[in-house]
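A.B. asks: Structure in structure tokens, see below.
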Amino acid sequence: MGETPVVTDFDEPQDNAVEVRVAGCNPVDLVLASGRMGEPQIPSVVGKEGVGVTADGTRVYFDSPPSPFGSWAQRCAVDPELTFPVPDGLDDDLAVTLGIAGLAAWLPLTRHADVAGKSVLILGATGVVGQIGVQAAKLLDAAHVVGAGRNREALATAAEMGADATVVLGDGDDAKALRDAAGDGYDVVLDLVYGAPFLAALKATAVGATLVTVGEQAGESADVPFADLVGRTHVGHINNLMPTGEMRAGYEELARHAADGAIRVEIKRYSLDDAPKAWQTQADGPHHKIVVVP
């Protein structure tokens, strides 16, 4: 999971800086620190997203601060192209949750697929992205939304958030369990885990289905039979590979729904002094969003 961050002083940014109100903690922060996405700059500040206030008093969400700065700090440099306004009525904690996690659910369901009137599977509905995905699919008028994952308690939460049915994975024949809940087959799959669960979900899709893979918690690879993929479309999604304008528009859309009370997520706050504890909690795979308050 990379080195545990240490709370210490760091050079203050001078240009395009915001006063940070809350910072997000995400699996990608641990991946970046581990070097799996390229050798990290040392020293540098942890944190790929946050909510802050600009010099003119505007509250903004920001993504991917320029290295070596990060959001786990009192002040952070930002990239103006990846800085989006936060609407009134949306609290800081939920505003930051809608960034990396929220867009990982919203963009696949709006830019890669059309879910209105469709049967939708959220594969990995037990995490924050999955729980937002369930709510997003319902907001987008999906006809039937199924949440799948291993944690029964977290799946119960997904049901409370609007899933029409849930499937517990890992109890036997996952492909059969998913098919039994699929009706005539899933038209759209938001896949947050990949690996063996993705293969099981693929067997439960209808011809013409779109499957969008966002995460790989269940495995970095999957041996996909060509016969199962025929007639389906599979897309690998990363937020930051989308055009900046699409990220901005997607955030604004999702933020409007959240400000209206249509998106809810369990969130736990940590002070900056408790940064190592927040880091370890993320490594343990929480079913809630972690935010750090400088």
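The values are calculated or read from the model by the stated rules, or taken from the named source; none is laboratory data. What you see is a predicted model, and the numbers here were worked out from it, not measured in a lab. Cβ atoms come from the backbone with ideal geometry, glycine included; neighbour counts cover every protein chain shown.
A.B. asks: Run E19 past the list (1) closer than 18 Å to D274 by Cβ; (2) over 22 Å from the mean Cα position of the chain (by Cα); (3) surrounded by 12 or more Cβ atoms within 10 Å (Cβ to Cβ); (4) of a type in the set (D, E) and report the number of the one that doesn't hold.
C.D. replies: (1)
A.B. asks: Are there helices (runs of 4 or more DSSP H) fully within segment 223-294 with at least 2 residues that are within 24 Å of V20 (Cβ to Cβ)? List them.
C.D. replies: 244-259, 275-283
A.B. asks: Looking at segment 192-208, can you tell me whether even one residue there is β-branched (V, I, T), assigned to a strand (DSSP E or B) and either modelled with pLDDT of 95 or more or in the same structural domain as V128 (by TED's automatic domain parsing) (or both)?
C.D. replies: Looking through segment 192-208, at least one residue is β-branched (V, I, T), assigned to a strand (DSSP E or B) and either modelled with pLDDT of 95 or more or in the same structural domain as V128 (by TED's automatic domain parsing) (or both).
A.B. asks: Please specify each residue of segment 66-80 satisfying the condition of being at pLDDT below 95 and outside any loop (DSSP other than H, G, I, E, B).
C.D. replies: none
Okay, residues lined up against (1) hydrophobic (A, V, I, L, M, F, W, C); (2) within 23 Å of T110 (Cβ to Cβ):
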| residue | (1), (2) |
| --- | --- |
| R179 | no, no |
| G183 | no, yes |
| V188 | yes, yes |
| D191 | no, yes |
| L202 | yes, yes |
| V207 | yes, yes |
| L211 | yes, yes |
| E216 | no, yes |
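A.B. asks: Something else now. Here is a list: V46, V51. Which entry is assigned to a strand (DSSP E or B) and crowded, with 17+ Cβ neighbours inside 10 Å?
C.D. replies: Every option except V51 fails the conditions.
A.B. asks: State the number of residues belonging to segment 229-263 that are surrounded by fewer than 16 Cβ atoms within 10 Å (Cβ to Cβ) and over 20 Å from P108 (Cβ atoms).
C.D. replies: Looking only at that region, the number is 3.
A.B. asks: Could you check segment 72-110 and list, in sequence order, the residues that are in contact with a helix residue (DSSP H, G or I) (Cβ under 6 Å, 6 or more places away or on another chain) and charged (D, E, K, R)?
C.D. replies: E81 - this is the single residue of segment 72-110 that is in contact with a helix residue (DSSP H, G or I) (Cβ under 6 Å, 6 or more places away or on another chain) and charged (D, E, K, R).
A.B. asks: Can you name the residue in segment 81-113 that is more than 15 Å from the chain's Cα centre (by Cα) and in a loop (DSSP other than H, G, I, E, B) and is also surrounded by the most Cβ atoms within 10 Å (Cβ to Cβ) among such residues?
C.D. replies: Looking at residues that are more than 15 Å from the chain's Cα centre (by Cα) and in a loop (DSSP other than H, G, I, E, B), I get V86.
A.B. asks: Of the conditions (1) more than 21 Å from the chain's Cα centre (by Cα); (2) more than 21 Å from Y270 (Cβ to Cβ), R36 satisfies every one except a single condition; which number is it?
C.D. replies: (1)
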